[in-house]
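The values are calculated or read from the model by the stated rules, or taken from the named source; none is laboratory data. Bear in mind that the values here come from a model prediction, so they are computed numbers and not experimental data. Neighbour counts are summed over all protein chains in view; Cβ atoms, including those assigned to glycine, are modelled from backbone coordinates with ideal geometry. For the accessible areas, the whole protein counts, side chains as well, though only heavy atoms, and no ligand, DNA or RNA atoms are used. Shrake-Rupley method; radii C 1.70, N 1.55, O 1.52, S 1.80 Å.
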Amino acid sequence: MKRLFFLCTLLLSISIHANTKTTHTNADKNGSISGKVLDAKSNQPLPYVNIIIKDTDNKTLTGGITLDDGTFKIDKIAEGKVSVHIQYIGYKTYIKQITIGSGSYNINLGDIKLEESTEDLDAVLVIAETSSVVQKIDRKIINVGKDLTSAGTTASEMLNNIQSVNVDSQTGNISLRGNENVRVLIDGKPSSISTAQLLKQIPSSSIKQIELITNPSAKYNPEGMSGMINIILHKNANQGFNGSVNTGLTRGINTRFNGSIDMNYKTGKVNFFTNYGYNTGQSDNKGKINRFDNNSAQRFLFNEDNESHLLKFGADVYINDKNTLSAYTVQNRFDGFNTSSVKISEDDLLVVDSYAEVDNERDNETYNFHYKLEFDKKGEALEFEANYSKAKAPEYTTNEDLENPLDALDNESTFNNYIIDLVNVRKTTLLNLDYTNPISENSKLELGLEYRTNKAENDSDSSQGEFFPDGNDFIIRDTPDIAFTYDRDIYSAYANYNQKFNKIALQVGARLEQYEIEGIFNKGTETIKVTDDIFTIYPSAFLTFNPSEKNQFQLSYSRRVDRPSIEQVNPIRQWSTPRITNVGNPDLRPQFTNSFEFNYTRQIEKGSFSFGTFYRRVSDNISRIVNVDPLNEDNVLLSFENYESSNRYGVEASASYKFAKWWNTNASTDLYLQKETGIANGDQLEVTNNVFNVRINNNFTASKNLRFQLFYMFQGGGKGIQFETRAMSMLNLGTSLNVLKSKGTISFRVNDIFRGMRFKFDAVNPYPAEGQFNWESRTAYLGFNYRFGGGKNKALRRKNRDNNEAGGNGGFL
């Protein structure tokens, strides 16, 4: 394993060295080529079209892509004869020979109308490989469609393969840049269910892209210290009837099945699209915790048997050139049956034997409506969006604790039975109005209003019984019912101003928010009320410098907030395991973050390189704390507290390089440093935490139809104020074979070949202990994908909010 890690690290250093190597320049590059690319039939502009400039030897000199309005301009082209290649999937390639020379240094090709290709689109897709990572002005976009290491997984498992992202395999909590305060969106919209549960319900085959937005502008919701992760589901807009079918089996200790189907039908001015994903199967997780103060050992065995359905259906209506309507719905259905067994021994004698069953289901429905009005002035537009999401999650839990198991044969032991019948309903409504006005060719004003409301209702009916082994007595104890309501209303307005000065683009903005909450928590006759009313201004600023088409520098600032969740403020004690109880803190305050970030991206002939660093100043830091339970000193109590301000730093580097026609590599590494302080069990604690991660993804093309993929990930350990976690690593190997005239693909993958994904930790406070948890990390996957239809792509140009794109200039592939 050490040799393997050394090899992967060496590959990363080679990639970075290759990307930082200075390319040959020519002082005679003083010509330019510009134009506008349109669809030949609809006369509509085509964005993100590849423009490639080649010399007489067919060697690529430079290139670029078209902007949203279809225009492009390529500068610094050497004097002499060149050819312009304009390529776009589903269209015939346009080639034109041009001579840069005296009297014709700045050539405008005018309107270039691309015609749809008569060739099968799928054949084009095999030839036209796209980069798996795209660096834009304010985000990284990860295209997951051809990632063999993600095939057949859920969104939760897939995100662990994404740079800067980690998912805790035990809790399902997601972190970005080493911090769990991250906002997760689906198609740019919030969901009513918890992130951990949401990610388990979405099959990876339903995901088109992942967007990492680490420093959003004032146009977006300021929640999430480390930014936002936007998961974009498939939605086609191809002419005619098109679709694809995915299916696969994953085998570890258990067998799991996944499948999905994507279809669209576009006729005239209406495009219908649908995506359906299905996952089912069991998974095991086991672990242990050894405490050294009382020589006790806890053994855990968990099993999940889950089935999930995801359906997205909608339509785009192109009324005319100025008016567009779009509507869709996303329906989630999740059924789960989980069991857990906990055995606790002291001095090798069994003292607790606990078994629990949880029967839960979750129904989540989302409805979205979007209308866009474009004015006669180019770029001026008014957009309205309404989004409604509702989640209902009934849960039925039974738990049986056997006290004093060693005395059971003498009929002296008793069973404690707990039954919890829980109904949890959450509703989210979002209304948004955006206005964009290009004041001049180099300046733009963006204004917007937004209203968001989140409503949560929880009703728990529980009972507790004591059962004697002789079967003659069963005593029912009165257990107070638990219920709460928690409402949040947020009223927002924002303004962004964009200005371009030659090679410099500037954006400044501010978001104003009025935040109101009211929570009522009931336990029997006890009632606790939580309220808050806060007005806050969230400024943001972006400065982008493009000295050339191949280099980009960006400096950005934003103020962000992390508001306490329902679980963090709920003051009602909640049973978790025989030795762990959860309780929220109704006095928690929001934590605010001032975030500064610098990024540099460079393109070279065979790839690209990016480097980023950030600094965060966090006030009223919200931290999880573990205290001795005052009701039972053998147990612990999980809760949350606000602590002092803290400083957090980080550096990231990523590289993409094509070593040969048959071998290309994407590599990334990151290092995060943060200082944490807190009080636990009366002790003042302080720790400096350093986290180091590496990911390397190699793609090998053996032939036109056969390719291989080798993926390696190293997650460094970390220190908290009470726990220290150890490092983990994973090596995955995958292969794919195109069949049926490239319309079908067979995929095979083995994950975590050496079983390096094990969560290990050591603790000092509140008790000296060590622990380890293992899950089904080593798995084999076999899948099949089939594509049908031959329509050509013409995507709906939705508003920037749906794509979460900041205003301003720049961005390159």
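Of all residues being part of a strand (DSSP E or B) and open to solvent by less than 20 Å² (accessible area, probe 1.4 Å) in segment 623-635, which is farthest from Glu676 (Cα to Cα)? Just the residue, please.
Val626
Out of (1) modelled with pLDDT under 90; (2) open to solvent by 40 Å² or more (accessible area, probe 1.4 Å); (3) farther than 28 Å from Arg183 by Cα; (4) of a type in the set (D, E, K, R), what's the single condition that is false for Lys792?
Condition not satisfied by Lys792: (2).
For segment 296-308, check the following and say yes or no: at least one residue is within 25 Å of the chain's Cα centre (by Cα), touching a residue at least 12 places away in the same chain (Cβ under 8 Å), assigned to a strand (DSSP E or B) and under 30 Å from Asp634 (Cα atoms).
yes
Pairs, please: C-beta under 6 Å, at least 6 apart or cross-chain, first residue closer than 19 Å to Ser226 by Cβ and in segment 544-572, second among the aliphatic types (A, V, I, L, M) and at pLDDT 85 or above?
Leu555/Leu543; Tyr557/Ala541; Pro564/Leu588; Gln568/Leu588
Scanning for something farther than 21 Å from Arg749 by Cβ and of a type in the set (Val, Ile, Thr), does segment 288-303 turn up at least one residue?
yes
When you check Ile16 against the structure, is it modelled with pLDDT of 80 or more and open to solvent by less than 70 Å² (accessible area, probe 1.4 Å), yes or no?
No, not satisfied.
Quick check: is even one residue across segment 260-278 without any contact (Cβ under 8 Å) to a residue 60 or more places away in the chain and either among the basic types (Lys, Arg) or under 30 Å from Asp347 (Cα atoms) (or both)?
Yes, segment 260-278 contains at least one residue that is without any contact (Cβ under 8 Å) to a residue 60 or more places away in the chain and either among the basic types (Lys, Arg) or under 30 Å from Asp347 (Cα atoms) (or both).
If we keep just the residues of segment 71-106 that are assigned to a loop (DSSP other than H, G, I, E, B) and over 34 Å from the mean Cα position of the chain (by Cα), which is surrounded by the fewest Cβ atoms within 10 Å (Cβ to Cβ)?
So the residue we want is Gly103.
Identify the residue in segment 738-763 that is outside any strand (DSSP E or B) and open to solvent by less than 30 Å² (accessible area, probe 1.4 Å) and, among all such residues, is farthest from Asp168 (Cα to Cα).
Ser742
Select, from Leu433, Leu422, the only residue that is open to solvent by 30 Å² or more (accessible area, probe 1.4 Å) and at pLDDT 90 or above.
Leu433
Just give me the residues in segment 441-460 being open to solvent by 60 Å² or more (accessible area, probe 1.4 Å) and out of contact with any Lys or Arg (no Cβ under 9 Å at 6 or more places or on another chain), in sequence order.
Leu447, Leu449, Tyr451, Asp459, listed by residue number.
Would you call Val636 among the β-branched types (Val, Ile, Thr), in contact with a Pro (Cβ under 7 Å, 6 or more places away or on another chain) and either farther than 17 Å from Gly718 by Cβ or modelled with pLDDT of 80 or more (or both)?
In short, yes.
Name the pairs whose Cβ atoms lie under 6 Å apart, with the first residue in segment 361-384 and on the phi > 0 side of the Ramachandran plot, the second assigned to a strand (DSSP E or B) and buried (at least 19 other Cβ atoms within 10 Å of the Cβ), and 6 or more positions between them or separate chains?
none
Looking at (1) touching a Gly at 6+ places or on another chain (Cβ under 8 Å); (2) under 30 Å from Val628 (Cβ atoms), which is the only condition Asn264 fails?
Unmet for Asn264, out of (1) touching a Gly at 6+ places or on another chain (Cβ under 8 Å); (2) under 30 Å from Val628 (Cβ atoms): (2).
Take segment 328-358 and flag every residue that is crowded, with 16+ Cβ neighbours inside 10 Å and charged (D, E, K, R).
Arg333, Lys343, Asp353, listed by residue number.
Among (1) more than 30 Å from Asn785 (Cα to Cα); (2) of a type in the set (A, V, I, L, M, F, W, C); (3) in contact with a Lys or Arg (Cβ under 8 Å, 6 or more places away or on another chain), there is one condition Phe292 misses while meeting the rest; what is its number?
The one condition Phe292 does not meet is (3).
Can you pull out the residues in segment 610-622 that are out of contact with any Ser or Thr (no Cβ under 6 Å at 6 or more places or on another chain) and open to solvent by 20 Å² or more (accessible area, probe 1.4 Å)?
Within segment 610-622, Phe611, Thr613, Tyr615, Arg617, Asp620, Ile622 meet the criteria.
For residues that are open to solvent by 50 Å² or more (accessible area, probe 1.4 Å) and among the aromatic types (Phe, Trp, Tyr), scanning just segment 507-556, find the one that is nearest to Ile604 (Cα to Cα).
For segment 507-556, the residue satisfying everything is Phe553.
List the number of the failed condition for Asp321; all other conditions in (1) open to solvent by 60 Å² or more (accessible area, probe 1.4 Å); (2) of a type in the set (Asp, Glu); (3) at pLDDT 90 or above hold.
(3)
Could you go through segment 19-37 and let me know if any residue there is modelled with pLDDT of 85 or more, in contact with a Pro (Cβ under 8 Å, 6 or more places away or on another chain) and of a type in the set (A, V, I, L, M).
yes
How many of the residues making up segment 656-671 are assigned to a strand (DSSP E or B) and either in contact with a Phe, Trp or Tyr (Cβ under 9 Å, 6 or more places away or on another chain) or aliphatic (A, V, I, L, M) (or both)?
11
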